[in-house]
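Asks: Pasting a structure here, questions to come.
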């Protein structure tokens, strides 16, 4: 069984750069052959809360494939995690996508790279290239949907391309990934008085909004299914040498801790008051609340950080690699940490020589002016191997 990661496209419009849908060099020929033979196919959807919404495109797309191939067994896996950006997607890719052996991957992070992570162009490229390159390295086709928020829509209506959209389209161009540009599609529908922002449903689309997007997906998939199966993809040189294309999560259990840490599973009672998503109840966690608590972690790679819960009491940490120059990292994410144990990837050190390194981390007494404490709640180390 394999799952396929594929960008979503619109039919009936010019399928070229600058259009709503661009098929590029995409193909679902291999998936089509398996489905027509009555085999099992697997579709994984990866993204933030837009993807995680159970009755959205993560359900509609597999349902469409099942209707098209009634003799096949279509399995699906929703790998959406609310609030997460493309950086988190790249580091959790092996665990949440590849372990499902997908035949198709549908990915979206344009909204969260914009409004949640507030990534620069380079940072948005590093995350999305990390996702796409890992997929293609494992011969998994990718379909990219660029969803929309108010900022991305206004940029499109003003004749501009927002940073996250521009970055993700650059990755799609470089790797020949099919895309659906929802900001452009919605802006054109608004111009024609066919749809408005409220009717679409806002950042998290309503049923009509998801159907609007999936109409493009279905027509695009129809064309992609007709294309010949591609031989194993030959990877081009990366757009950015430091993209997270070898990202992986590493358990905190592999670290060495001083006193002051509690290591085990996420427990709500260990966290300060504030919103908490039950998705994380099964995750490992190392948590320290008092300044001076420290850890060391050995890893092999070129970059290291952490996937953590940044809550109302999130603090600051001092990090060093191989005893080098210290760097202070603020874990609090304003304004989101104010009322929520906010899931985020925070990079500690990048641009390291490939090889074995030792991370040293210490909880500091200082914290963000809006934070209520000095807590470090680490779920996984994020290592770019």
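FYI, it's all coordinate maths here, none of it is from the lab. Source: prediction; values computed, not measured. With ideal geometry, Cβ positions are generated from the backbone for all residues, glycine too; neighbour counts draw on all protein chains shown.
Asks: Where does the Debye-calculated log10 I(q)/I(0) of the range 98-211 sit at q = 0.10, 0.14, 0.23 Å⁻¹, using only Cα point scatterers of equal weight, no solvent?
Replies: -0.30, -0.58, -1.26
Asks: Let me check the size of the range 247-384 from its C-alpha atoms; what are the radius of gyration and Dmax in Å?
Replies: 13.8, 41
Asks: Rg to Rh ratio, the chain, alpha-carbon atoms and Kirkwood radius?
Replies: 0.99
Asks: Looking at the chain as a GNM with Cα springs under 10 Å, which of 277, 250, 166 has the largest mean-square fluctuation?
Replies: Checking each option, the largest mean-square fluctuation is seen for 277.
Asks: Among 355, 215, 373, which one shows the highest mean-square fluctuation when the chain is modelled as a Gaussian network with alpha-carbon springs under 10 Å?
Replies: Judging by the Gaussian network model, the answer is 355.
Asks: What is the angle, in °, between the Cα long axis of helix 182-191 and the longest principal axis of the Cα atoms in the chain? Nearest 10 is fine, range 0 to 90.
Replies: With rounding to tens, the tilt is 60 degrees.
Asks: Turning to a different aspect of this structure: Take the chain, connect every pair of alpha-carbon atoms lying under 10 Å apart with a spring to form a Gaussian network, then pick out the residue of 83, 164, 251 with the largest mean-square fluctuation.
Replies: Comparing 83, 164, 251 in a Gaussian network model of the chain, the most mobile one is 251.
Asks: Related question: Tell me, in nm to one decimal, what length is gained between residue 327 and residue 39 on full extension, where the rule is 0.36 nm per residue of separation less the Cα-Cα distance?
Replies: 98.5 nm is the gain from fully extending residue 327 to residue 39.
Asks: Note down the relative contact order for the range 3-226 as a percent, whole number, built from C-alpha pairs under 8 angstrom at least six residues apart.
Replies: The value is 31 percent.
Asks: Rounding to the nearest 10 and keeping the result within 0 to 90°, find how far the Cα-based axis of helix 207-226 lies from the longest principal axis of the chain.
Replies: 70
Asks: Can you tell me the orientation of helix 121-137 relative to the chain, as the angle in degrees between its alpha-carbon axis and the longest Cα principal axis, to the nearest 10?
Replies: Value to nearest ten degrees: 70.
Asks: Tell me the relative contact order for the chain as a rounded percent, counting alpha carbon contacts under 8 Å between residues six or more apart.
Replies: Value for the chain: 18 percent.
Asks: Turning to a different aspect of this structure: Taking the inverse of the average 1/r across all pairs of different Cα atoms in the range 50-110, what Kirkwood radius in Å do you get?
Replies: Evaluated over the range 50-110, this radius sits at 12.5 Å.
Asks: Okay, next question. What fraction of the DSSP beta bridges in the range 247-384 is antiparallel, stated in percent and rounded to the nearest 5?
Replies: 95
Asks: Give me the mean projected area, in nm² to one decimal, of the convex hull enclosing the Cα positions of the range 28-154.
Replies: 7.6
Asks: Quick check: convex hull of the Cα atoms in the range 3-226, volume per residue, rounded to a whole Å³?
Replies: It comes to 100 Å³ per residue, whole-number rounded.
Asks: Suppose only helical runs count, i.e. DSSP H with n ≥ 4. What mean residue ellipticity at 222 nm does that imply for the chain under -39500 (n - 2.57) per run, divided by all residues and rounded to the nearest 500 deg cm²/dmol?
Replies: Calculated mean residue ellipticity at 222 nm is -8500 deg cm²/dmol.
Asks: Order these by the 10 Å Cβ neighbour count, fewest first: 263, 182.
Replies: 263, 182
Asks: Relative contact order of the range 325-385, please, whole-number percent, based on alpha carbon pairs below 8 angstrom and at least 6 residues apart.
Replies: With pairs under 8 Å counted, the relative contact order is 37 percent.
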